[in-house]
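K.L.:
I'd like to ask you about the structure that follows.
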Amino acid sequence: KTGMFTFDPGFLATASCESKITFIDGDLGMLYYRGYPIEQLAEKCDYLEVCYLLLNGELPNAAQRTEFVRGIMRHNMLHDQLFSLFKGFRRDAHPMAVMVGVVGALSAFYHDSLDITNAEHRRISAHRLIAKLPTIAAQAYRYSKGLPFSYPKNGLTYAENFMHMMFSTPCEEYKVNPVLARALDRIFTLHADHEQNASTSTVRLAGSSGANPFACIAAGIACLWGPSHGGANEAVLKMLDEIGSADNVAEFMDGVKDKRYKLMGFGHRVYKNMDPRAAIMKETCDEVLRELGLQDDPKFKLAMALEKIALEDPYFVERKLYPNVDFYSGIVLSAIGIPVSMFTPIFALARTVGWIAHWTEMIADPQQKIGRPRQLYTGAERRDVAPVSDR
Ligand code: SDX
């Protein structure tokens, strides 16, 4: 028992580490960042306040918030030589491939913050990653479209700046709709951290060897790319396109029950109740579609039909399969005008603060040792090598 949180002995046996950052109760569908319920953070804070909370353990006061935002904004440009690296990729490279490459390459540019034993270096690297990930993601998109590279514009919010870098052109400044920017900011908050998910565990394991933070975050991006993890929101949109209309839902659901396909955006390793983020995302979805007059958006209606059937169907109820954060996020991003190829890069830029908060927590612990998972060997018994003529 730690404070209000109790863990059964069976759970403790599976825990891979201790952390003060995020608490999840999968049975009750609860998610807390540093003790604050995600519902309150999504409603009352913006993403950079949540970044400050995840990194420092407390919400910032007004002065701390101003200082932190200034600290992030001063790092949001890229070293000019990095743009040549983008040009080394094929135009049709998936943006996640570009992000893995460019983020890993940051360690070749920012030698002045690579000493992981130095707290100031760790702080600067954390700020650099939070600041530069949106710039990198936006340039990956622009390069794929043959658009000239763009630059951040300070004075915009974090989400507004990302939309500006994605869509402004030298001929015309992108006009940010504040309702859409606020929705995107909330998506960043909902994806900011999630305890020891696969990509965060990847960052921790890479960091436990003493690898530099940029290399560790590149490893996290690579892991998040998978369709079972961060690639799910992109997979949800592809699934909705393949189903096409509500008339095909019954046949599709038969295919899910025959295990020919998964219902993307449903199920979770930990949540055996509604993912609290999905409920917030659904409200955000309603808000964005209303703002854009898309309440009758066929994709959203199809998603609602799928959700209704799944929540009532014994196959899903017995298996405790509920919508997760990715079920609605793809529809919101699509309505905002974000291309499907950028869904997972957005998840990656939002999760960077969670990854670097866990990395910092682990590196700052003097007791931490290199991670070394063990295995149960089930291979061949001991045997002797025969000459190749006898094999
Ligand atoms: C994220 O870990 C995190 O915290 C991740 C994340 C984060 O913030 O970092 O929350 C982000 O990754 C969310 C999950 C996004 N992925 C998807 O939406 C992809 C679709 N979901 C599945 O791939 C699946 O639900 C997983 C991978 C998420 C979980 O898989 P598990 O651990 O196998 O799920 P389970 O043990 O609860 O499965 C129980 C049963 C099994 O069937 P039976 O063998 O009992 O017959 O449910 C089935 C599973 O095959 N099942 C599904 C299903 N998910 C599980 N059947 C159909 N569709 C699904 N989506």
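K.L.:
Counting helices only, and only those DSSP H runs with n ≥ 4, report the 222 nm mean residue ellipticity of the chain as the sum of -39,500 (n - 2.57) divided by its residues, in deg cm²/dmol to the nearest 500. Mind dumping the intermediate values first?
P.N.:
Numbers: 18 runs with 213 residues, N = 391.
Calculated at 222 nm, the ellipticity per residue is -17000 deg cm²/dmol.
K.L.:
At q = 0.09 Å⁻¹, what log₁₀ I(q)/I(0) does segment 210-336 have when each alpha carbon counts as one equal point scatterer in the Debye sum?
P.N.:
Log10 of I(q)/I(0), two decimals: -0.28.
K.L.:
Of all the accessible heavy-atom surface of the chain, with the other protein chains kept in place and a 1.4 Å probe, what percent is carbon and sulfur? Don't jump to the answer; show the numbers that get you there.
P.N.:
Details: 10220 of 18950 Å².
It is 54 percent, rounded to a whole number.
K.L.:
Additional query: Over all pairs of distinct alpha carbons, what does the Kirkwood formula give as the hydrodynamic radius of the chain, in Å?
P.N.:
Numbers: mean 1/r = 0.0449 Å⁻¹.
One decimal place: 22.2 Å for the Kirkwood radius.
K.L.:
With +1 on each Lys and Arg Cβ and -1 on each Asp and Glu Cβ, how big is the dipole of segment 55-211 about its Cα centre, in debye rounded to the nearest 20?
P.N.:
Numbers: 17 positive and 13 negative charges, 67 e Å.
Charge dipole of segment 55-211: 320 debye, to the nearest 20.
K.L.:
With +1 assigned to the C-beta of every Lys and Arg and -1 to the C-beta of every Asp and Glu, and no other charges, what is the dipole magnitude of the chain about the Cα centre in debye, to the nearest 20? Each step should come with its number before you reach the end.
P.N.:
Details: 43 positive and 45 negative charges, 211 e Å.
The calculated dipole for the chain is roughly 1020 debye.
K.L.:
How much net charge surrounds G255 when only other residues with a Cβ under 12 Å from its Cβ are counted (Lys, Arg +1; Asp, Glu -1)?
P.N.:
Numbers: positive: K257, K259, R260, K262; negative: E242, E251, D254, D258.
So the environment of G255 carries a net charge of 0.
K.L.:
Pop the C-beta distance of K145 and E381 into the FRET formula with R0 = 35 Å and round what comes out to the nearest 0.05.
P.N.:
Numbers: r = 57 Å, r/R0 = 1.64.
E between K145 and E381, to the nearest 0.05, is 0.05.
K.L.:
Within a Cβ distance under 11 Å of S150, other residues only, what is the Lys/Arg minus Asp/Glu net charge? Show your work: numbers first, answer last.
P.N.:
Details: positive: R142, K153; negative: E173.
Here the count lands on +1.
K.L.:
Find how many whole Å separate the alpha carbon centroid of segment 326-365 from the alpha carbon centroid of segment 33-104.
P.N.:
Segment 33-104 and segment 326-365 have Cα centres separated by 10 Å.
K.L.:
Quick one: if the Förster radius is 41 Å, what FRET efficiency do E172 and E312 give, using the C-beta to C-beta distance and rounding to 0.05?
P.N.:
Values: r = 48 Å, r/R0 = 1.16.
Computed FRET efficiency for E172 and E312: 0.30.
K.L.:
Test of the criteria: in segment 249-309, which chymotrypsin sites (Phe, Trp or Tyr not before Pro) are in a DSSP loop and have at most 16 other Cβ atoms within 10 angstrom of their Cβ? Show your work: numbers first, answer last.
P.N.:
Working: sites: F252, Y261, F266, Y271, F300; in loops: Y261, Y271.
Answer in residue order: Y261.
K.L.:
How much accessible area per residue does the chain have, in Å², with a 1.4 Å probe? Don't skip to the end; give the middle numbers.
P.N.:
Working: 18950 Å² over 391 residues.
Roughly 48 Å² per residue, with all protein chains present.
The values are calculated or read from the model by the stated rules, or taken from the named source; none is laboratory data. The model shown is predicted, which means the values in this text are computed figures rather than measured ones. Cβ: placed from backbone, ideal geometry, glycine included. Neighbour counts: every protein chain shown. Note: areas computed on protein heavy atoms with side chains; ligands, DNA, RNA excluded. Shrake-Rupley method; radii C 1.70, N 1.55, O 1.52, S 1.80 Å.
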